[in-house]
1. If the cut-off is a Cα-Cα distance under 14 Å, which aspartates and glutamates reach A:Lys611, setting aside same-chain residues fewer than 8 apart in sequence?
2. How much FRET efficiency would the formula 1/(1 + (r/R0)^6) give for A:Ile16 and A:Tyr385, where r is the Cβ-Cβ distance and R0 is 51 Å, rounded to 0.05?
3. How much FRET efficiency would the formula 1/(1 + (r/R0)^6) give for A:Gln623 and B:Trp396, where r is the Cβ-Cβ distance and R0 is 22 Å, rounded to 0.05?
4. Take A:His499 and A:Trp615, extend 7 Å from each Cα along the Cα→Cβ direction, and tell me the distance between the two endpoints in nm.
5. Take A:Met42, A:Met266, B:Met488, B:Met464 and order them by how many other Cβ atoms sit within 10 Å, fewest up front.
6. Please work out, to two decimal places, the log10 of the ratio I(q)/I(0) at q = 0.09 Å⁻¹ from a Debye calculation in which every Cα of the protein assembly as shown carries one identical scatterer.
7. Between B:Leu17 and B:Ala481, what length in nm is gained on full extension when 0.36 nm per residue of separation is reduced by their alpha carbon distance?
8. Arrange A:His529, A:His497, B:His324 by Cβ neighbour counts within 10 Å, fewest through most, would you?
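The numbers here are math on the coordinates, done by the rules we state, and not lab data. Model, not experiment: these values are computed from the prediction. Glycine gets a Cβ as well: all are built from the backbone with ideal geometry, and neighbour counts include every protein chain shown.
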Amino acid sequence: MPSILFIVFLPLLAAIVTGLGNRALGSFAAKLITTGALFAAMFLSWPIFLHYLGGNVGATVTPVLHWVSSGTLSFDWALRVDTLTAVMLVVVTTVSALVHLYSWGYMDEDPDQPRFFAYLSLFTFAMLMLVTADNLVQMFFGWEGVGLASYLLIGFWFRKPSANAAAIKAFVVNRVGDLGFMLGILGTFLVFQTVSIPEILAAAPAMKGASTIHFLWLRADTMTVLCLLLFIGAMGKSAQLGLHTWLPDAMEGPTPVSALIHAATMVTAGVFMVCRLSPMFEAAPAAKTFVTFIGAATCFFAATIGTTQWDIKRVIAYSTCSQLGYMFFAAGVGAYGAAMFHLFTHAFFKALLFLGAGSVIHAMHHEQDMRYYGGLRKQIPITFYVMLAGTLAITGVGIAGVFGFAGFYSKDAILEAAFASGTAMGTAAFWLGSFAALLTSFYSWRLVFLTFWGKPRWAESEHIQHALHGEHESPDEEHGDAHHAEVHPHEGTGGYHPHESPWTMLVPICLLAVGAVLAGWAFYTPFIHTEAFWNGAVAYNEHLIDAMEEIPEWAKLSATAAMLLGFVTAWYAYIKDTSIPGKVAEQLGPIYTFVYNKWYFDELYNVVFVKPAFWFGRLFWQQGDVGIIDRFGPNGAAWVVEKGSVAAKRFQSGYLTNYALIMLVGLVAAVTWVMAQ
Amino acid sequence: MLSLMLLVPAIGALACLFVEAKAARTIALVATVIDLALGIVLWANYDIGGAQWQFTERVPLFAGFQWAMGIDGIALMLIVLTVFLMPICILASQSIAKRVPEYMATFLFMEVLMIGVFAAQDLYLFYIFFEAGLIPMYLIIGVWGGDNRIYAAYKFFLYTLLGSVLMLIAMLWMANEAGTTDIPTLMAYDFPPHAQTWLFLAFFASFAVKMPMYPLHTWLPDAHVQAPTAGSVILAGVLLKMGGYGFIRFSLPMFPEASAQFVWLIWGLSMAAVVLTSLIALVQTDMKKLIAYSSVAHMAIVTVGLFAFNTQGLEGSMIVMLSHGLVSGALFLCVGVIYDRLHTREIARYGGLSINMPKYALFFMLFTMASVGLPGTSGFVGEFLSLVGIYQANTWVTAICATGIILGAAYMLYLYWRVAFGVQRNADAAAMPDLSVREWLMLGPIALAVLWMGVYPESFLAPMRADIAALDARVARAAPAGDSKLKMKAPKAAPAASAEAH
C-alpha cells in the first residue's frame, strides 16, 4: 500500500478517535495518538520529498474511492503526488507534527486538550487532501475542510465573544472567496468538460486567447474569466487585499494554531492553488497581471500596518499577509518556483516566529502587548536566540555567494523575478516589494527590540498582575481592553520572573530554527534553477530564470539594502532613542491613525455589508413577510371571511379550517362520484 | 410489496387507537421499523438498469379508477427517506403527553399517505394521497402544537388547499384530454402547448406552495414553530419534498414547453428566495423559525436545479432534496432535544452548550456544516451538482444562488455561536444533561447517512440515473439556450468543441 495513504489518513483516524473519545479518552492519550500519527506522517513524507529532489520523477495517483458521476461530470477521491505535492507534504506534516508537540507544553493547563488535538489533526487531514487533490472538487473539499478546522480552532476558546466573532468572520470571509472558487470550478467544467486537474492543465495552453465566454454581463476571454474566478478563492484563503480582514482577527486562536494554520500552511493554500493551476494562469496574461497587482499591493499594505501594531501576534499576522503577497506576485510574473520556494522557507521561519512568540506569551502569562515586554533576552535565552534566527530569516540576511538565512534566498529570487519579468506590473511589484522588504525588516526588528531589549515594562500588565497575585487565569478569560494607542507603561518588573518554556515547546522551535537557517541555502538550486525537479508540476519559465541572472547588480542588492535600512531605523527608534516612535506617530497624525486602524477595512465592511445584511433581513421579514405577504394573504383571507359574511362568523379563526376540511372531503367525494359515472 | 408498505402502518394506526399510551408507542415504533426494513428490502431488490417502473401493481377498482402502484429510482429514494425518518420521529415523540394513541395513529396514517404519494401511478390516487396528507399534518399542528397552533394550522391548511384546488381541475382536464389517468402514460403524452401553459400554472400553484417557493412560504415558519418536533421533521423532511417530486413527476415531463416558457418565473422566485430568506434567517431569534427560513432557501436551490434542464441540475436537485430531508430533519431534532429540556425555542436562552453537552454540540456542528454545504457532507454534493447544472443554463442565476453559500454560513454559524458557544448565560441551560441513548439513536443514524451521502453519493445517484436521463431527454427539446456558451475565435482543435455541443 502506498505510504501516501498513511500520510493522509493517519491524521484523520487520529482526529476521529480523539474527537469521539474526547474527555473519556483523557488528555494524555489524545496527545499521544494525534502527535504519534503526525510524526509518522512526517517520517513518511520526507522520503517522498527526497525522492523528488533527485529530479525527473513523475506524478503518481492513488485512487481511493469513486465520488460522484452525473452526466458527463465525474470525479473520484484520489491522492496525487508530484513535485508540488511532495513539497507541500513535507511542509504540512513537518510543521504540523512540531506544532502538535509544541502544544503539549503550550496547552498543558487547558482542560479541553482532546478537542484541541482532534481539531489540529483534522486540519492536517484536510490540508493534505487539498494538496494531494487530483481534481478541482477534491481540492475544494480540502479547501473547505481547512476552513472548518480554522473556524473551530480560532473559536477554540469559545467562551470569549471575540473568539467567536473572529471564527465566524474567518469562515464567512473565506466563503466569499469560495464563491469565486466555486464559480471558477463550474466555469472550468463548462469549458473543459472535466474537473480533473491534469486534463485541464493539458488542454489549457491551447485555449490561450482562443475563445470568449459569457459571464454575467461580460463577454471576455475564457481563460481570463476562469482564472480570475479561481483567484478570488485564493485571495480569500490567503488573506489578500480586500479579503484579508479575517487573518489578524484569527489571532484569537491559540498560538500553535496561528503558527500552523495562519502562517505556515492553510493561508498558503491560495499560492499552492495558483501554482498547481499555473498552466491555466499562463494562458491568461490579464489574470496574471491582476495576480501580480494584488500580491504587490497586499505585500506593501500589510507591511505598513505591521509597523504600527502593539500585539505581538498581530504584527506577525500582518507580516504573514505581506509575505503571502510576495508569493502571489512571484506567481503573477510567472516565477512559480520562486513562489513555492518562498512558501517553503516561509513555513519554517514564520512558524518559528509564531511559536517563539507563543513561548514569549507563555513566559509573560498570556500578555500579548509588546508595550509590556522588554528586557526578556536574559530571562528566556533560548526563545530569544530562536526568535533571532527567525528574524534573520524573514528579513533576508545573507551575502550572495557565501551564505544566507532562508528568506534571503527566496525573497531575493522573487524580487529578481519581478524585475526580470520586464512588464510594467512586474516592475511596480519590484519596487513595492523592495519597499516592503524595508518595512519587513523594520517591524521584525521592532518586535525583537521591544520584546528582548530595553528595560522590563511588565509591572502594569493586567496579566502579570494576575500572575503575581496568584489568581488563576486561563487564556479564555476576558480582560479589560487596554490596547489603545496611548499606553505608556512604566518600567519595572513588578517582581515577576518569566520562565523559559518546557522542552516540549523548545524542541519544536529549535528544529524550526534549523529550517529557518538552512532551508534557503540547501534547497535554492532545485526550487529555482532545476526544471527537472519540478518536472512539469508547475509551469517553468526558462526564459525568466535566465533573465533573473542578468539583472543589474543594484537590483540584486536592493533587497539587502532595504533590509539594512530597516534594521538601522528600527535600532535607532527602539534602542538608541526610544522617544522617536511617539514623535513620529504624532508628526504623521492622520496617516498614522489610518495605518494603525488597519486602513479602516473592518469599519468599512461593517457599514457596507454586515449592518445592511441585518437591516435588510429585518426589513424583508417584518415589512415583507409579515407586513405584505401575510397581511394580504392568509390574514387578509381571514379578515374577508370574518367581516364579509355573518354566516361565516361561526367558522372564523380555528373553525375556518374545519370548513376547508369539509370542502376537501366534498371535492374528493365529488370526483369519485364523477369517475364512478 | 408497495401495498404491504402501506398496509403495515395502516394496521398499526388502527391498532394504536384501541390501546393506551405505552402500548401505542411500542406499536408505532414496531410498525415504522418494519416499514424501514421493508424499505431496505425494496432498495436492495430494486433493479438498477432494469425496467423504468418496478414493483408495479394494477388493480382496477371502479370506473377508470385504479389502485396503481409502482416506483422508479426517484420515487424509491424518496420512499427510503420517508421510512428512514419515521422511526426517528416516533423516538422523538417521547415528550408528547396528551392523546398519545391518537398521536401515534396520526403519524402512522401520515406514513401511509406519504409512501402513497411517491408510489401512486394513477393521477387521482396521487391526488388523494397528496391532499389527504394535509389532514394528519393539520391535526398534528392543530392538536399537539404550541400556543399559537390554531393560527399556524389554519395558515398551513389554507395555503396548501388553495393550491390543490387548481391542480384538481387541471387533472380532470388532463384525464379527459389524454383519456387516461395512468401517470407513466401521461408523462409521455404531448399536451398541446397552449394548454400546457395553464396546466403548468395550475400544478405550479400547488407545488410552489408545498416547496415552498417565495412568496408563498410564510406558512412554513409558523407551521414549524408550532408543530411538535416530530411534526417539523416530517414537514421539512418529507412533505416539502412532495413539491419537488411534483415538479419532477408532472410539471417537467408533462409540460416541457410550458416549463421552458416559465423558466424565468421559477428562476426569479428562486433567486429571491435564496437571498431574501437567507437574510431573514439571519435576524431570527427563534431557532425553529431560523431553520424554517433556511429550508426555503435550500428548496430554492432545488427549483433552480430542476429548471436547469440538464442532468447535473436534475440529479443535484434530487440529492439536495434527500440531503435537506436528512439535515433539516436532524436540525429540528437538535432543536427538539434542547426544547425538551428547557421548553423554549428562544436562541438567547441558551449558550455555551458545548460545555455541558459536548456530544450534542458535535452532532449539531455536523448538521450545521451539512446545512452550510461543507464538502464531505450530503449538503455539498447536491448543491454543487445543482449549481453545475444551472451554470450551464444561466450565469446570473448561478452567481445569485451561489451567494447562499455565504449567507448560509453566516446565519448557521451565528446560530451555532449563540446556542453552543459563548458563555453559559442561564443556570438552567447550563445544567442540561447530554444526549440520552434514545437521542443517540435519533441523531446517530442521520449523521451516518449524511456522511455516506457526502462521501459516496453514488449509492443514491445510481438508482435514479436512468430515470433522470429519461427525463432529461424528455425536457431537452424545450431547454432554453444557456448564456454561458463558449465562442471560439478560431476553429482550433480544442476540447471546448465538446462544450459547445452540450
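1. The qualifying aspartates and glutamates are A:Asp602, A:Glu603.
2. Efficiency for this residue pair is about 0.85.
3. Taking R0 as 22 Å, the efficiency between A:Gln623 and B:Trp396 is 0.30.
4. 5.4
5. Numbers: A:Met42 20, A:Met266 29, B:Met488 16, B:Met464 25.
With the fewest neighbours first, A:Met42, A:Met266, B:Met488, B:Met464 line up as B:Met488, A:Met42, B:Met464, A:Met266.
6. -1.07
7. 161.4 nm is the gain from fully extending B:Leu17 to B:Ala481.
8. A:His497, A:His529, B:His324
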